[in-house]
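Every number in this text was worked out from the coordinates using simple rules, so none of it is lab data. Being a predicted model, the structure only gives us computed values, none of them experimental. Methodologically, a virtual Cβ is constructed for each residue, glycine included, from the backbone with ideal geometry; neighbour enumeration extends over all protein chains shown.
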Amino acid sequence: MLGLKFETETSWVEVAKNGLEQLLTDHAFAEQKAASNAVSIIINYSEETDLVKDMSDIAIEEMEHFRMVHNIMIDRGMVLGKATKNDYALKLQSFFPKTNNRTEALIHRLLVAGLIEARSCERFKVFSENMKDEELSKFYKDLMVSEANHYTLFLGYARKYMDREIVDKKWQELLDFEADMMRKRGTIAKVHG
């Protein structure tokens, strides 16, 4: 369904469980960054009414997810750590060359955002299915659905604003790049680590 070209090894779950506070901190800030990205799209493409409405919904939902993750941390006696750079997202963003074409820049943002959501969905699925912690298992299973919806929304908008054949070619190239990147990951307790 997601079209990812590399599947997360279940060994990552052990890494994530052993560094749960780090994982949850990373996840909380990833939700904030996703909300911020949606707001940025609103600011930069305010003339696109349907896009603005959907990005508003995503921004609110992502901040709600941040609050949910933070509440889980508080309930477990954890403290939200400091935000770190998301090297996964930064590497994905560097894949497409800079462009002065507003539409192409939007397509690139939407594709990168869609892939981040798709990978998050896949990671949450692996995590939820391999957890003995029932609360976290249910939480991540529920979030998995939300991430899948966001992925399809971003990809759908990319295809709306540019010829589908061009968008799908860019998407496949980004998926190939991300798969190569993911083969070297899975050793850090981060959502995309």
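Some notes on this structure:
- Nearest-ten-degree value, helix 20-44 long axis tilted from longest Cα axis of the chain: 20
- Among 133-141, 98-106, the peptide with the highest mean count of other Cβ atoms within 10 Å heads the list, and the full ranking is 133-141, 98-106.
- Of the GluC sites (Glu not before Pro) found in region 1-90, the ones in coil according to DSSP and having at most 12 other Cβ atoms within 10 Å of their Cβ are GLU7, GLU47.
- For region 11-182, the relative contact order comes to 20 percent (Cα pairs under 8 Å, sequence separation of at least 6).
- Once the Cα atoms are used to define both axes, helix 134-161 deviates from the longest principal axis of the chain by about 10 degrees.
- 0 to 90° range, to nearest 10: angle between helix 49-75 axis and the chain longest Cα axis: 10
- Among residues other than GLU104 with Cβ under 12 Å from its Cβ, the summed charge is +3 (Lys and Arg +1, Asp and Glu -1).
- Mean separation of Cα contacts under 8 Å, 6 or more apart, over the residue count of region 32-133: relative contact order %: 19
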